[in-house]
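K.L.:
First the structure, which I've put down as structure tokens, then a few questions once you've had a look.
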Amino acid sequence: QVQLVESGGGLVQAGGSLRLSCAASGRTFSSYAMGWFRQAPGKDRELVTAISRSSSSTYYLDSVKGRFTISRDNAKNTVYLQMNSLKPEDTTVYYCAAQPSYTGGYFRGDYWGQGTQVTVSS
């Protein structure tokens, strides 16, 4: 079991930046690949970005490439999502998720955080 708690969401103007954090507790953090998802009302949850256990592999949704950066600090049991050049369409709830491994493609997420709201005003 691993418990995940997101933080760092908030209200920002278009073009601004936010950094989300997801702190993990429980099992060894470095044993898990991590992902960030988002889900807007009435839409399917989508994988925004993911990172492998060693940070050697990452994935980004096309619409966030060049603007968002995922990173992890295994010593701090935390994964980060740096979001720059934010757009109103980035507004939604962001969730972090964990699973034992990830080499690209589908990320199912075995454990989930409660989510943090990001709102980008135009």
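The values are calculated or read from the model by the stated rules, or taken from the named source; none is laboratory data. Only a predicted model underlies this, so the values are computations on that prediction, with no experimental measurement involved. Because the Cβ atoms are built from the backbone with ideal geometry, glycine has one as well, and the counts that use them run over all protein chains shown. Keep in mind that these areas ignore ligands, DNA and RNA; they rest on the heavy atoms of the full protein, side chains included. Shrake-Rupley method; radii C 1.70, N 1.55, O 1.52, S 1.80 Å.
K.L.:
Summing Lys, Arg as +1 and Asp, Glu as -1, what charge do residues with Cβ under 14 Å from the Cβ of residue 92 carry, residue 92 excluded?
P.N.:
Here the count lands on -1.
K.L.:
Could you look at region 72-122 and say what percent of its accessible area is carbon and sulfur, using a 1.4 Å probe and all protein chains?
P.N.:
Roughly 46 percent of what the probe reaches on region 72-122 is carbon or sulfur.
K.L.:
For residue 111, list long-range residues whose amide hydrogen, built 1.01 Å from N in the peptide plane, is under 5 Å from its own amide hydrogen.
P.N.:
It is 98, by chain and number.
K.L.:
Taking θ = phi - 60°, what integer Hz values does the Karplus form 6.51 cos²θ - 1.76 cosθ + 1.60 yield along region 112-122, in sequence order, with x for Gly and Pro?
P.N.:
9, x, 8, x, 9, 7, 10, 10, 10, 8, 8
K.L.:
While we're here: Can you give the accessible area per residue of region 25-93, in Å², using a 1.4 Å probe?
P.N.:
50 Å²
K.L.:
Explain nothing, just compute: Karplus ³J(HN,Hα) = 6.51 cos²θ - 1.76 cosθ + 1.60, θ = phi - 60°, for every residue of region 96-109 in order, whole Hz, x for Gly and Pro.
P.N.:
Residue by residue, region 96-109 yields 9, 9, 9, 8, x, 8, 7, 10, x, x, 5, 10, 7, x Hz.
K.L.:
Less than 28 Å apart at the alpha-carbon level, and either on another chain or at least 8 residues along: which lysines does that give for residue 76?
P.N.:
Leaving aside lysines fewer than 8 places away in the same chain, those within reach of residue 76 are 65.
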